[in-house]
2 protein chains.
Amino acid sequence: MRYTVRVINTDASMPQGEALLDAVGTAFARLRRRTMQAPVDPPVGPKDLKRNLVLNIVDEATEVDTEMTVGGLADHLLVDPSVASRMVSDCISHGYLIRAASQQDGRRTVLHLTEEGTALLSRFRHQQRQAFEYITRDWPEAERLEFARLLLKYSDSTAKLPAPGTSNRPPLPPVA
Amino acid sequence: MRYTVRVINTDASMPQGEALLDAVGTAFARLRRRTMQAPVDPPVGPKDLKRNLVLNIVDEATEVDTEMTVGGLADHLLVDPSVASRMVSDCISHGYLIRAASQQDGRRTVLHLTEEGTALLSRFRHQQRQAFEYITRDWPEAERLEFARLLLKYSDSTAKLPAPGTSNRPPLPPVA
């Protein structure tokens, strides 16, 4: 409970704002991992979680019209290519992904979600919603929805960032 | 930009509240991964990200007075024990972790952060703060701090959840 900080003023230059911003990194580290520890129905096993990581990244690439390869997945997941390859094979053998030829480079094989993959993803999102509702069950309704709104706004704001492995990063902003 | 949803009312039974809650799962999937795509100084490499995953989990266990083994790490990270073991060896050889005897079970080896490990973690948290500030650079200051506050509140709320692999889960809440 180290991070229970109450904000009275909302100026980042004040100590409370500073403490909040400093603790954000720890919160991010815990967020997704811990969310899936909440009881949901049907329960989510480690295999489902792994598949979901893979399917989410393929889905996200499709959404912004980019192609996702096994190597790209390994970069996103921070795992060795051989580990990414095993995760992809598992998804393919269960019918959640298919391999297809790249439309941009004939030598490349890219990944696509199948209908079953899309259905699994949507089932998983429903479980994540359940987990979120469970974790915030004692929160005032307005605060819970405000948090959901800000999460999505943040997710939107990150959409403009360069993909991992891209070298054309924007210049670092001046330190506030 | 699929998830840019504006909330006018804050009642979860209304379609906008519903849409927000449904999109939370997607936002979580992207949050941490994308946050570290923001330009920070010094830049964060894939090795740093992996080490940080490991050190965060060891730190979190210490905080709640539990012991973390290589097997426990594998459960938290959703990787095979052999992969977790390689990640731990890397952290040990770089001086960020040490092995120690469990105080609860003499046959078990547990992991502890070294001073260098703690310093790396705090450097990483500073980079995550930079990334957060970069991503939210166009947000009104009050909204950015409100989001930081709610992130920490959520992180606190998840602290009461059972650890992965624990079978004594609380009963599922009634569907709202």
- prompt: Name the pairs whose Cβ atoms lie under 7 Å apart, with the first residue in the stretch B:129-143 and more than 7 Å from every other protein chain (Cβ to nearest Cβ) and touching a residue at least 40 places away in the same chain (Cβ under 8 Å), the second surrounded by 15 or more Cβ atoms within 10 Å (Cβ to Cβ) and not in a loop (DSSP other than H, G, I, E, B), and 6 or more positions between them or separate chains?
  reply: B:Ala131/B:Thr35
message: So, B:Leu121, is that one of a type in the set (A, V, I, L, M) and open to solvent by 20 Å² or more (accessible area, probe 1.4 Å) or not?
response: no
task: Only one of these is modelled with pLDDT of 90 or more and open to solvent by less than 70 Å² (accessible area, probe 1.4 Å): B:Leu55, B:Leu49. Name it.
output: B:Leu55
query: If we scan the stretch B:59-69, do we find a residue that is outside any loop (DSSP other than H, G, I, E, B), within 10 Å of chain A (Cβ to nearest Cβ) and in contact with a helix residue (DSSP H, G or I) (Cβ under 8 Å, 6 or more places away or on another chain)?
result: yes
task: Inspect all residues belonging to the stretch B:154-169 and state whether any of them is open to solvent by 40 Å² or more (accessible area, probe 1.4 Å), more than 10 Å from chain A (Cβ to nearest Cβ) and modelled with pLDDT under 90.
output: yes
- prompt: Before we move on, is B:Val175 under 17 Å from the mean Cα position of the chain (by Cα), at pLDDT below 95, open to solvent by 20 Å² or more (accessible area, probe 1.4 Å) and not basic (Lys, Arg)?
  reply: no
query: Which number in (1) facing chain B (nearest Cβ under 7 Å); (2) at pLDDT 90 or above; (3) surrounded by fewer than 19 Cβ atoms within 10 Å (Cβ to Cβ) marks the one condition that A:Leu150 misses?
result: (3)
- request: Would you confirm whether any residue within the stretch B:95-112 is part of a helix (DSSP H, G or I) and open to solvent by 50 Å² or more (accessible area, probe 1.4 Å)?
  value: no
statement: A careful count of residues in the stretch A:81-96 that are out of contact with any Lys or Arg (no Cβ under 9 Å at 6 or more places or on another chain) and either modelled with pLDDT under 90 or under 29 Å from B:Gly45 (Cα atoms) (or both) gives 7
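The values are calculated or read from the model by the stated rules, or taken from the named source; none is laboratory data. Note that the coordinates shown come from a computational prediction; the quantities given were computed from them, not determined experimentally. Please note: Cβ atoms are built from the backbone with ideal geometry, for glycine as well, and neighbour counts cover all protein chains shown. These accessible areas exclude ligands, DNA and RNA; they are computed on the full protein's heavy atoms, side chains included. Shrake-Rupley method; radii C 1.70, N 1.55, O 1.52, S 1.80 Å.
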